[in-house]
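So the structure is just underneath, and the comments pick up after that.
Please treat every number below as a calculation from the coordinates, not as lab data. Here the structure is a predicted model, which is why all the values come from computation and not from measurement. Methodologically, a virtual Cβ is constructed for each residue, glycine included, from the backbone with ideal geometry; neighbour enumeration extends over all protein chains shown.
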Amino acid sequence: MRLLFDTHLLLWFTAGDARFTAQAREMLGDVRNEPLFSSISIWEIGIKQAAGRPDFRWDAKEVETTLRRAGWGELPFNALHAQHAAALPLYHRDPFDRALIGQAISETVTLLTVDTTLTRYPGPILLVYP
């Protein structure tokens with residue numbers, strides 16, 4: 001199964017943070033699954049990094065490098081993804097999350113998230129618990 005991890009899960013994975021849930025670890029450990037990160041998540045991390053938030057300690061390039069070295073694939077964002085994201089109901093206004101959902105719908109990949117709001121949307125979205 002192709003698994004698209006949301007930005008929180010990516011950050012927690014690269015930091016070795018305990019918030020990277022047991023369920024996500026189990027799915028990542030299954031050799032039948034293909035872990036993916038979105039170019040949207042790298043963009044989101046870069047924007048937060050550039051904003052200079054004192055509570056944000058991640059570097060977009062380092063996150064990307066760590067994921068690639070761990071064997072993760074990249075899912076680039078394209079126009080079809082944008083069209084699916086734009087057509088979503090406005091349950092959630094975060095453009096990064098909406099873009100990830102658009103990708104999941106377009107590519108028929110399962111989006112893993114810890115954000116309960118995202119489960120209101122159609123498509124292959126899986127809420128993973130700690």
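Taking amide H as placed 1.01 Å from N in the peptide plane, Ile125 has its amide H under 5 Å from the amide H of Leu111, each at least 5 places away in sequence or on another chain. With 0.36 nm allotted per residue and the present C-alpha distance subtracted, the Asp17-Val31 stretch has 2.9 nm of extension available. Calculated mean residue ellipticity at 222 nm for the chain: -13500 deg cm²/dmol, from DSSP H runs with n ≥ 4 weighted as -39500 (n - 2.57), summed, divided by the residue count and rounded to 500. 3J(HN,Hα) couplings calculated from phi for region 66-72 with the Karplus curve 6.51 cos²θ - 1.76 cosθ + 1.60 (θ = phi - 60°) are, in sequence order, 4, 5, 4, 5, 7, x, 7 Hz; Gly and Pro show x.
Working note: Karplus 6.51/-1.76/1.60 with θ = phi - 60° gives region 74-91 the couplings 9, 10, x, 8, 9, 5, 5, 4, 4, 5, 5, 5, 5, 7, 5, x, 8, 5 Hz, where Gly and Pro are set to x. Calculation over all alpha carbon pairs of the chain in 10 angstrom steps from 0 returns a P(r) of 13, 46, 35, 5 percent.
Proximity of backbone amide H atoms, modeled 1.01 Å from N, is registered between Arg2 and Glu34, Thr110 at under 5 Å, excluding neighbours fewer than 5 places apart on the same chain. Between Ile47 and Thr65, the distance separating the two model label sites (each 7 Å from Cα on the Cα→Cβ line) works out to 2.5 nm.
With θ taken as phi - 60° and the Karplus curve 6.51 cos²θ - 1.76 cosθ + 1.60 applied, the whole-hertz 3J(HN,Hα) list for region 104-114 is 4, 5, 5, 9, 6, 10, 8, 8, 9, 8, 10 Hz, x standing for glycine and proline. Return the whole-Å distance between the Cα centroid of region 1-33 and the Cα centroid of region 81-117. Taking the Cα centre of each part, region 1-33 and region 81-117 sit 18 Å apart.
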